[in-house]
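Structure record follows, encoded as structure tokens.
Values in this text are rule-based calculations from the coordinates and carry no lab data. Values in this document were obtained by computation on a predicted structure and should not be read as measured data. Using ideal geometry, Cβ is built from the backbone for each residue, glycine included, and neighbour counts are taken over all protein chains shown.
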């Protein structure tokens, strides 16, 4: 795979993962930083076994630099999505741990498999499953849908 | 109520659409933010303010400029103690005791020899 193809593929997956973790604004900026870093160090990145996993860490560092205390990561639910989507969903997502949020969103919003998420985040599929279960449980508790939809 | 998985999927599909295609602000609505009558009033007010500022500046400059005279030609007017010009407002608030304009320098060449 050439660098251009790698960059296109990596930037799409990176953006999904970073938006899942840090929201559209910070996640988008962090993706741009990670892709710029990949371009600057393309020889080294191309030779890596898991370049996207490495660039995810680069994006994480950039995102943590961009994060400010009290910053709202996810915009509020628009009126036309109610009542299908609970208005408390963005706040509930914010209360999850970064790993739980990333796993829940990558699997259920972007349709990634657990192995793929594990590869992207640099963890095992069983770890992903664990974070996913805990994240979903926390979301159900926060939105009080635990017993109705199970 | 929808399961949380569905809610997350629906919320993020909206978020993706929102991020990729931000709604452009129509030019017409941006122009209509200030109604046309109000725009006209603002323009007239700004124009008047500009005219008043220009007139004030010209008057201020005229007050400060002393009559020019070549240094070589001796003054034909007798040297007198300058007094306040009647009918003009002294900006130094001296109530007519001090000259309104800067006093002309005494002509040393025309002064009597000691």
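Work out Dmax and Rg for chain A from the C-alpha atoms and quote the Rg first, both in angstrom.
Cα only, chain A: 16.2, 52 Å (Rg, Dmax).
Please report the relative contact order for the stretch A:74-150, taking Cα pairs under 8 Å with a sequence separation of at least 6, and give it as a percent rounded to a whole number.
Details: 60 pairs, mean separation 23.1, N = 77.
Worked out over the stretch A:74-150, it gives 30 percent.
I'd like the FRET efficiency for residue B:16 and residue A:95, computed as 1/(1 + (r/R0)^6) with the beta carbon distance as r and R0 of 25 Å, rounded to 0.05. Spell out each step's value before the answer.
On the way: r = 22 Å, r/R0 = 0.88.
After rounding, the FRET efficiency stands at 0.70.
Rounded to whole Å and sorted largest first, list the principal axis extents of the Cα atoms in the stretch A:74-150.
37, 25, 19
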